[in-house]
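The values are calculated or read from the model by the stated rules, or taken from the named source; none is laboratory data. Note that the structure is predicted; figures quoted are calculated from it, not measured. Note that each Cβ is placed from the backbone with ideal geometry, even for glycine, and that neighbours are counted across all protein chains shown. Ligands, DNA and RNA are excluded from the accessible area calculation, which covers all protein heavy atoms including side chains. Shrake-Rupley method; radii C 1.70, N 1.55, O 1.52, S 1.80 Å.
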Amino acid sequence: MARSARKVGSPDGRRRVIIEEVSPEINCGRFPAKRVVGESVRVEADVFTDGHDSIAARILYRSDHHDEWSTSPLLPLVNDRWAGSFPVEELGFYTFTIEAWVDHFATWRRDLGKRVEAGQDVGLELLVGAGFIERAARRARGDDGKVLREICKHLRDDSVDMLERARVALEPSLAERMRQWPDLRYATRYDREPQIQVDPQRARFSSWYEMFPRSASATPGRHGTFADVEARLPYIAEMGFDVLYLPPIHPIGHTKRKGKNNALTAEPGDPGSPWAIGGPEGGHKGIHPELGTPDDFRRLVKAARGRGIELALDIAFQCAPDHPWVEEHPDWFRHRPDGSIQYAENPPKKYEDIYPFDFENDDWKGLWDELTDVVRHWVAQGVRVFRVDNPHTKPLRFWEYLIRTIKEESPEVIFLAEAFTRPKVMYHLAKLGFNQSYNYFPWRNLKWEIEQYFTELTQTQVVEYFRPNLWPNTPDILTEFLQHGGRPAFLIRLALAATLGASYGIYGPAFELQEHVARNPGSEEYLHSEKYEIRHWDVEAPHSLRNIIARLNAARRENAALRQDRTLRFHPTDNDEIICYSKTDEARENIVLCVVNLSPYHTHAGWVNLQLDELGLLPDQGYQVHDLLTDARYLWNGAHNYVELHPHVLPMHVFRVVKQVRHEQDFEYYSA
């Protein structure tokens with residue numbers, strides 16, 4: 001017996017256009033792609049139909065603040081691939097879809113032109129076209145209807161010469177009017193409506209500076225305050241940072257408090273880890289009393305914003321044993337057979353000063369709501385940027401709930417995910433709504449692995465939802481490269497972070513003062529880590545990197561090419577210790593070319609082989625490269641150019657490319 005055919009629905013068979021392979025569309029529309037206010041969204045799709053009829057297509061889009069669709073045309077590229085774009089001008093979420101239809105008028109017009117060119121009689125064809133125009137006139141509004149009716153009448157007037165009527169029918173202005181009033185009775189609508197998450201511009205471009213407020217005192221041995229942090233703001237602003245990130249500012253638990261260098265037992269006076277949150281003074285909505293008052297905190301937020309700096313606060317969802325929630329909501333924590341609460345572990349490591357939440361408890365919804373309210377509380381204090389500690393250790397759907405809830409109330413809020421975890425988990429967190437993400441940059445040192453990783457981040461679908469924030473160091477990460485490479489190592493990693501990524505950050509003052517001693521061999525933990533003790537930093541030390549940091553941040557602000565990641569391209573070199581890459585703005589008018597010696601120990605030289613088409617340069621075109629760090633200028637020509645970089649002088653060039661240099665005397669010339 002023959003197998004019965006699979007049942008298929010009965011769509012209107014007159015809708016003949018097929019729409020496939022739409023982008024950007026993340027997980028079949030399950031998650032939004034990301035843009036920032038003022039950007040455009042480039043949409044592509046495969047759009048085709050049977051036979052040889054002409055088709056037309058358009059994008060329909062709207063923000064969540066509007067009910068009506070706006071439209072933008074889709075135009076053919078090649079081989080049935082179509083593309084177009086639409087602007088996103090409001091924070092929040094946009095929705096788009098695609099509509100396409102057989103354009104009978106365009107088919108008629110195309111064939112009419114061929115018939116006229118062949119010298120055929122087109123009198124009857126003109127009457128067919130008049131019918132299309134007459135129906136469009138009924139759909140049209142305003143003057144267009146009147147104009148179309150006049151043209152229709154003209155095409156039917158056989159007292160007018162046939163070729164003159166054909167000329168009118170083929171006028172581009174008529175085709176444009178007809179495109180404005182299409183026949184959509186049998187249009188195909190794409191069956192999904194992908195979303196775009198539209199964030200503040202700071203989500204795409206930002207320069208972060210991390211510091212412990214308790215170490216901000218100008219007086220050695222005294223616990224720092226918010227007022228001390230406020231006094232440090234000019235220093236941070238002069239270096240060009242626009243986000244100041246503070247580790248947790250809440251009361252710190254006393255039970256099982258860690259001592260210096262992560263000792264299991266604290267000595268009298270040891271301040272403990274800020275991530276062991278909660279004590280008699282309060283929990284996640286409280287402030288450590290030695291830092292100041294809520295009024296002091298709000299004053300710091302306002303003072304920072306007055307200098308163009310947003311204050312970022314750490315969100316660490318875990319509790320010290322002394323946290324009020326431990327008594328108020330014991331069911332929020334996992335209990336061991338002896339009745340004690342399970343502390344955090346990463347065997348064989350034990351973190352007895354921290355209790356993780358049990359997100360599988362019966363009151364999980366109450367826990368979700370309370371943690372969301374913690375973020376809501378700090379938004380009310382003026383915080384608009386949050387760095388989230390270890391989000392991959394909490395349920396993924398919880399973050400989707402929290403971020404969506406907060407962004408619906410305050411769409412200007414930005415979340416940075418500190419998730420050094422498996423790629424799929426890291427990417428999923430970004431899809432759920434995190435605006436920026438930590439990543440594997442600290443451990444990518446070799447040329448091939450840098451090129452491979454950043455090609456993945458910027459030239460695959462990942463770029464639609466994952467925004468890397470590059471950190472060469474953190475309080476938890478002192479890489480082997482920084483431990484042993486000296487000052488050149490810090491310069492190399494600084495240059496890479498600040499130019500490979502539109503967003504980057506440093507943990508200071510440890511970074512600019514080149515703190516590099518590990519607690520023990522093979523460890524990435526700092527000796528005398530600020531996580532467990534108060535440090536005094538001499539920010540005026542002559543060996544500080546503050547001046548070169550300021551020049552790099554100035555270059556980032558002044559060059560649109562460095563304020564985004566999508567145009568990052570690598571260029572071949574004949575030396576594996578020299579990496580070369582470029583970024584351009586959308587119009588390729590602003591071009592930044594970076595060349596970095598990846599070895600902190602040895603001078604390296606070689607030839608870069610520029611892919612001129614990526615830079616909008618011609619093979620025989622001379623151009624100037626202006627080093628934004630040293631102000632040196634060089635005349636280059638063509639694709640092949642020589643570089644030599646001394647790590648103990650400056651291991652990098654950050655060039656702005658100036659096109660069409662005609663005469664060597666037009667600028668001050670320094671021989672390479």
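Of all the listed residues (GLU44, GLU20), the sole one being in contact with an Asp or Glu (Cβ under 9 Å, 6 or more places away or on another chain), loosely packed, with under 14 Cβ neighbours inside 10 Å and either of a type in the set (Val, Ile, Thr) or assigned to a strand (DSSP E or B) (or both) is GLU20. Just one of the listed residues (ASP538, ASP565) is exposed (fewer than 15 other Cβ atoms within 10 Å of the Cβ), in contact with a Leu (Cβ under 8 Å, 6 or more places away or on another chain) and of a type in the set (D, E, K, R), and it is ASP538. Scan segment 51-105 for residues that are of a type in the set (Gly, Ala, Ser) and not in a strand (DSSP E or B) and the total you get is 2. Taking each residue of segment 421-437 that is assigned to a loop (DSSP other than H, G, I, E, B) and looking for partners that are open to solvent by less than 10 Å² (accessible area, probe 1.4 Å) and polar (S, T, N, Q) with beta-carbon atoms closer than 7 Å, six or more apart or interchain, yields GLY433/GLN197. Beta carbons closer than 9 Å, at least 6 apart along the sequence or on distinct chains, pair a first residue in segment 26-44 that is touching a residue at least 12 places away in the same chain (Cβ under 8 Å) and of a type in the set (S, T, N, Q) with a second that is in a loop (DSSP other than H, G, I, E, B) and open to solvent by less than 10 Å² (accessible area, probe 1.4 Å) for SER40/VAL88. Residues in segment 549-593 that are touching a Gly at 6+ places or on another chain (Cβ under 8 Å) and assigned to a strand (DSSP E or B): THR573, ILE578, THR584, ILE591.
Among the residues here, ARG551 does not qualify as open to solvent by 30 Å² or more (accessible area, probe 1.4 Å) and within 26 Å of TYR465 (Cβ to Cβ). Reported count of residues in segment 596-634, each being part of a strand (DSSP E or B) and either open to solvent by less than 30 Å² (accessible area, probe 1.4 Å) or in contact (Cβ under 8 Å) with a residue 40 or more places away in the chain (or both), is 12. Please verify whether LEU264 is hydrophobic (A, V, I, L, M, F, W, C), touching a residue at least 40 places away in the same chain (Cβ under 8 Å) and surrounded by fewer than 16 Cβ atoms within 10 Å (Cβ to Cβ), treating the condition exactly as stated. Against the criterion (hydrophobic (A, V, I, L, M, F, W, C), touching a residue at least 40 places away in the same chain (Cβ under 8 Å) and surrounded by fewer than 16 Cβ atoms within 10 Å (Cβ to Cβ)), LEU264 qualifies.
Hey, could you check segment 288-312 for residues that are more than 14 Å from ILE249 (Cβ to Cβ), open to solvent by less than 80 Å² (accessible area, probe 1.4 Å) and of a type outside the set (A, V, I, L, M) and say which is nearest to the chain's Cα centre (by Cα)? Among those residues, the one meeting the criterion is GLU310. Taking the criterion of being among the polar types (S, T, N, Q) and surrounded by fewer than 17 Cβ atoms within 10 Å (Cβ to Cβ), the residues of segment 508-530 that qualify are ASN520, SER523. Of everything listed in (1) of a type outside the set (Phe, Trp, Tyr); (2) surrounded by fewer than 16 Cβ atoms within 10 Å (Cβ to Cβ); (3) at pLDDT below 95; (4) under 30 Å from ASN261 (Cα atoms), the single unmet condition for ARG334 is (3). Residues in segment 404-427 that are under 23 Å from ARG305 (Cα atoms) and surrounded by 17 or more Cβ atoms within 10 Å (Cβ to Cβ): 8 in all. Return the residues of segment 635-653 that are without any contact (Cβ under 8 Å) to a residue 60 or more places away in the chain and either open to solvent by 40 Å² or more (accessible area, probe 1.4 Å) or not in a strand (DSSP E or B) (or both); say none if nothing qualifies. Selection gives LEU635, ASN637, GLY638, ALA639, HIS640, TYR642, GLU644, HIS646, VAL649. For segment 50-90, name all the residues that are open to solvent by 50 Å² or more (accessible area, probe 1.4 Å) and hydrophobic (A, V, I, L, M, F, W, C). If the condition is that a residue be open to solvent by 50 Å² or more (accessible area, probe 1.4 Å) and hydrophobic (A, V, I, L, M, F, W, C), then TRP69, LEU75, LEU77, VAL78 are the ones that fit. When the residues of segment 193-242 are filtered to those that are open to solvent by less than 10 Å² (accessible area, probe 1.4 Å) and either at pLDDT below 95 or of a type in the set (Phe, Trp, Tyr) (or both), which remaining residue is nearest to the chain's Cα centre (by Cα)? Per the stated criteria, the residue is TRP208.
Flag set for LYS349, criterion: modelled with pLDDT under 95, basic (Lys, Arg) and either within 31 Å of the chain's Cα centre (by Cα) or open to solvent by 30 Å² or more (accessible area, probe 1.4 Å) (or both).
Somewhere in segment 465-478, is a residue under 14 Å from the mean Cα position of the chain (by Cα), modelled with pLDDT of 95 or more, more than 23 Å from ALA495 (Cα to Cα) and of a type outside the set (D, E, K, R)? Taking every residue of segment 465-478 in turn, at least one turns out to be under 14 Å from the mean Cα position of the chain (by Cα), modelled with pLDDT of 95 or more, more than 23 Å from ALA495 (Cα to Cα) and of a type outside the set (D, E, K, R). Looking at VAL128, VAL102 in this structure, which one is closer than 22 Å to PRO172 by Cβ and surrounded by 20 or more Cβ atoms within 10 Å (Cβ to Cβ)? That would be VAL102, the only listed residue that is closer than 22 Å to PRO172 by Cβ and surrounded by 20 or more Cβ atoms within 10 Å (Cβ to Cβ). Inspect all residues belonging to segment 167-189 and state whether any of them is open to solvent by less than 50 Å² (accessible area, probe 1.4 Å), over 30 Å from GLU290 (Cα atoms) and within 37 Å of the chain's Cα centre (by Cα). Scanning segment 167-189 turns up at least one residue that is open to solvent by less than 50 Å² (accessible area, probe 1.4 Å), over 30 Å from GLU290 (Cα atoms) and within 37 Å of the chain's Cα centre (by Cα). Look at segment 210-224: where a residue is farther than 9 Å from ILE534 by Cβ and a partner is of a type in the set (S, T, N, Q), sitting 6+ places away or on another chain with Cβ atoms under 9 Å, you get GLU210/THR474; PRO213/THR225; ALA216/THR225.
Of the residues screened, ARG35 is one that is of a type in the set (D, E, K, R), open to solvent by less than 20 Å² (accessible area, probe 1.4 Å) and either in contact with a Ser or Thr (Cβ under 6 Å, 6 or more places away or on another chain) or not in a loop (DSSP other than H, G, I, E, B) (or both). Every listed requirement among (1) over 30 Å from LEU629 (Cβ atoms); (2) without any contact (Cβ under 8 Å) to a residue 40 or more places away in the chain is met by ARG257 save one, (2). With the structure loaded, tell me whether ALA106 is of a type in the set (A, V, I, L, M) and under 46 Å from the mean Cα position of the chain (by Cα) or whether it fails that test. Yes: the conditions hold for ALA106. Here ILE578 passes the criteria (1) out of contact with any strand residue (DSSP E or B) (no Cβ under 9 Å at 6 or more places or on another chain); (2) buried (at least 17 other Cβ atoms within 10 Å of the Cβ); (3) not hydroxyl-bearing (Ser, Thr, Tyr) except the one numbered (1). When the residues of segment 447-486 are narrowed to those that are in a helix (DSSP H, G or I) and under 26 Å from PRO247 (Cβ atoms), which ends up least open to solvent (accessible area, probe 1.4 Å)? Among them, the one singled out is LEU482.
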